[in-house]
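Asker: Okay, here's the structure, questions in a sec.
Computed from the coordinates by the stated procedures, all read-outs in this text should not be read as laboratory data. Source: prediction; values computed, not measured. Ideal geometry is used to build each Cβ from the backbone, glycine not excepted, and the neighbour counts take in all protein chains shown.
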Amino acid sequence: MSELLYKEEIFQLVGLCMEIHRELGKGHDEVIYKDALVIELSRAGIPFWREKNYEITYKGVILPHYYYADFVVWDKVLFEAKAVEKLTDSHIKQVLNYLAASKWKRVIL
């Protein structure tokens, strides 16, 4: 069995998300959880970008619309936040598109 890529980082990030959920509970809009994650990442000293955009090129032309990943953490992990009861195939498709556009190797949904 192969080792999980960025295991320690992902464990830490999931822990921060669990802390946010314990503190805020459920039912808030997604943006509230993302605002709380900014606080937790900053307090932990974890480098991140919020709403990082990725260009899409078609036949050598950069398209006018971008993908916007909710967070890029440690300059190597995409993090896409969802405040939903259940993840859907469209959520998975969304993060797979982000992975393709960003060239990163790991995403957390």
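Let's see how each residue does on (1) surrounded by 11 or more Cβ atoms within 10 Å (Cβ to Cβ); (2) in contact with a strand residue (DSSP E or B) (Cβ under 8 Å, 6 or more places away or on another chain):
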position: R50; (1), (2): yes, yes
position: E55; (1), (2): yes, yes
position: G60; (1), (2): no, no
position: Y67; (1), (2): yes, yes
position: F71; (1), (2): yes, yes
position: L78; (1), (2): yes, yes
position: K82; (1), (2): yes, no
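Asker: Only residues in the stretch 1-28 that are closer than 15 Å to F48 by Cβ count as the first member; pair them with residues that are aliphatic (A, V, I, L, M) and part of a helix (DSSP H, G or I), Cβ under 8 angstrom, at least 6 apart or cross-chain, and list the lot.
Answerer: Note: pairs meeting the criteria are Q12/A44; L16/L37; L16/L41; L16/A44; C17/L37; I20/A36; I20/L37.
Asker: For the stretch 84-101, what are the residues that are surrounded by 11 or more Cβ atoms within 10 Å (Cβ to Cβ) and closer than 18 Å to K34 by Cβ?
Answerer: L87, H91, Q94, V95, Y98
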